[in-house]
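Notes for the one structure printed next.
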Amino acid sequence: MSNGSRLASAIGHKLCALVFGVGLALLVGVASTSEGGMRIAILPFQNVSGHVQAPTFITPLLEPALRDRGYDIVEPKALESFLAQRRIRAPNKLSLEQLLALRDQFGAALALMGSIDLFADTAGNPQWGISARLRDIGSGQIVWADAAGFTGDDFTGFLGLGTITFPEQLAVKTVQRLFRNLPAEGMAPDAKRPVPSGPGKASRWVFRSPRLDTDPPKRIAVFPFENGTERRGAALIVDDLLTVGLFQAGRFQVEDPGEVYRGFQFLGFVPYGGIDLETLQVIRDNFGVDAVIVGRVEDYNEGLRPGVSASPSIALDARMLDVRTGEILWMGYHEARAEDSQIVLEFGMIKSMVPLGMKAIAELVATM
Amino acid sequence: MVRVISRANFQPRQWVTTLSIALLLSGCGGMSPTTYVNPKYDFGLVKRVAVLPLENLSPDQTAGEKMRKLLITELLATGVVDVVEPGQVSRVLAQQNIQNPAAMTPEEFKKVGAALDVQMLVIGSVESFERVQVGGVQAPEVTLSLRGVEAESGTIVWATSHTQGGATVAARLFGLTGDSLSEVARQAAHDAVVTLFR
């Protein structure tokens, strides 16, 4: 890229950041209710941890965490009956229409959705992994998204002290970490500076079309990944983490998975793995996106299955397709292991799956 | 002070050492690809290619698809050709009722090529994609055979076979197995694709 275009790009990014920051501040101001803080509807998190008890640990922690930040919360019982009445089976994938119904019924301005990606009640070393996003009900846009995960071992300090051995205690830490960057009610978040594209750890596996510099897609959607692993739900987790990663990178406007889900319901099929041109044209006409990301999870090892490595690893491939032409705009493969960031002994190791997945995805997204 | 080594002051022992290192390094990355390129075919005409599903002869059930994706990335990364989205390839193969791309006739190549609007179709097989036992260690090994079929005539204009990793000199002598299986696979795809544009 020439110096001129770099400068233009930098100015563009700064302007985007400014517009984003101001927009969110206005949103916070406008949507606040007169009686208290801005009202949030906390939708039940999708449980992909494979552990039925997981929501009983996490759900009760969400409400106080948001109340502490000054937000007003929609009564969970009322929300439950709203979901039952409308037969909403995927509460973490609400369409804009369903969000607007939430606003009309409860006066909610934001909706929190997410998933519990990992819970392992391993003796002496529990593990948690969660991801979440906050959507503005008026526009359906994602206004905040993050993911967090820990193992009890992550807190082990000098002489082996400090390890968290109780899943309840670790759940509290994980939820605190999840919301660490969520601004308090009435506060605008730190102006988001888009992460510029560039070569990184994943670049040797990547093709990047020059069109991403000259005519980049503005709005993109993450389509369901193929799951090439033995871990059930691995693709769902990666879909969510990729949405978070793309949102955090700030270079593209990310279509919410709820809108993607609604689109597939409307079309009556889910393009799994690859997409042909005809389908892309239908997607272009119905989804309002410029590009879609499809891919496959090749490896998703949480380090919990017997007979495989005890430290987590992940590998995935993905490609971005232009919905107008079907052209592959970007294609990449990346893998990460817990030991990649190891400095000495266990220092620097990422022992938990969700942070490792987020790291791998951030490195991959950085090359887009 | 920088000491310049010229051929004149190079001792016989240094020659032996240098040659040994060169020999050792040449065995580190695997054999160079065996390649056929039709000398009469103008590869400059190839602007758009399609990579068909690869035949998988390895124990890893997903190896064919993994190698296919790596090949597509490598082909795109050359910046010379555009590659058709695999989903579009699957659709055309299904429309033409082709179950096994490895057993396609020249007529079928022509039809598929025309439907995909490509000048060349890449087919092939993954013969090994595994960790092989070399002495006391396991070394990643990938063997790949590819053929480029001209879409207009249905004839092979390019073919290459390449093994990367496996029982290299470094693995046999020192137990150095080097890269991961994924890295070896990527290198194999890269080396194979390079022969198309050499």
## Note on the structure
So for R0 = 41 Å, FRET eff. of A:Leu100-A:Asp215 from the Cβ-Cβ r, to 0.05, ends up at 0.80
### Query
B:His190 accessible area, nearest 10 Å², 1.4 Å probe?
70
### Message
I need the phi-derived Karplus couplings for the stretch A:46-56: 6.51 cos²θ - 1.76 cosθ + 1.60, θ = phi - 60°, integer Hz, Gly and Pro marked x.
### Response
5, 9, 10, 6, x, 10, 5, 7, 3, x, 5
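Using R₀ = 30 Å, calculate the FRET efficiency as 1/(1 + (r/R₀)^6) where r is the Cβ-Cβ separation of B:Ala102 and A:Tyr272; round to 0.05. Display every interim value, and only then the final one.
Working: r = 24 Å, r/R0 = 0.79.
Step by step, r from the Cβ atoms, then E = 0.80.
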### Task
Work out the FRET efficiency for B:Asp42 and A:Arg180 from their Cβ-Cβ distance, taking R0 = 45 Å, and round it to the nearest 0.05.
0.15
### Query
Can you pick out the pairs among B:Lys40/B:Lys111; A:Lys359/B:Lys47; A:Lys77/A:Lys351 whose Cα atoms lie more than 25 Å from each other?
A:Lys359/B:Lys47; A:Lys77/A:Lys351
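About the Cα centre of the stretch A:203-365, how large is the charge dipole given +1 on each Lys and Arg Cβ and -1 on each Asp and Glu Cβ? Please answer in debye to the nearest 20.
160
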### Query
How do A:Lys77, A:Lys351 stack up against each other in accessible area, from largest to smallest, with a 1.4 angstrom probe?
A:Lys77, A:Lys351
### Query
In Å², nearest 100, what accessible area do chains B and A bury in total when the solvent probe is 1.4 Å?
1800
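Using a 1.4 angstrom probe with every protein chain in place, what is the largest-first accessible-area order of A:Glu230, B:Glu85, A:Glu335, A:Glu168? Walk me through the intermediate numbers first.
Details: A:Glu230 150, B:Glu85 5, A:Glu335 55, A:Glu168 100 Å².
The ordering from most to least exposed comes out as A:Glu230, A:Glu168, A:Glu335, B:Glu85.
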### Task
Note the full-extension length gain between A:Thr325 and A:Glu63 as 0.36 nm times their separation in residues minus their Cα-Cα distance, in nm to one decimal.
89.8 nm
#### Entry: Paramagnetic reach from A:Val52 in the stretch A:81-96 [backbone N under 20 Å; point 7 Å along Cα→Cβ]
A:89-91
## Note on the structure
The answer for B:Gly124, listing residues at least 5 apart or on another chain whose modeled amide H is closer than 5 Å to its amide H, is B:Glu55, B:Arg147
### Query
With labels modelled as points extended 7 Å from the Cα through the Cβ direction, what inter-label distance (nm, one decimal) is found for B:Glu152 paired with A:Glu168?
7.6
### Message
Which one, A:Leu94, A:Val74, A:Leu170, is farthest towards the positive end of the dipole of the stretch A:22-176 when Lys and Arg carry +1 and Asp and Glu -1 on their Cβ?
### Response
A:Leu94
### Summary
For A:Ile58, A:Ile343, the accessible-area ranking with a 1.4 Å probe, largest leading, is A:Ile343, A:Ile58
### Query
Residues with amide H under 5 Å of A:Arg251's amide H, sequence separation 5 or more or different chain, H placed in the peptide plane at 1.01 Å from N; which?
A:Val195
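The values are calculated or read from the model by the stated rules, or taken from the named source; none is laboratory data. The structure displayed is predicted, hence computed values, not measured ones. Heads up, the Cβs are rebuilt from the backbone with ideal geometry, glycines too, and the neighbour counts pull from every protein chain shown. Heads up: the accessible areas ignore ligands, DNA and RNA and are worked out on the full protein's heavy atoms, side chains in. Shrake-Rupley method; radii C 1.70, N 1.55, O 1.52, S 1.80 Å.
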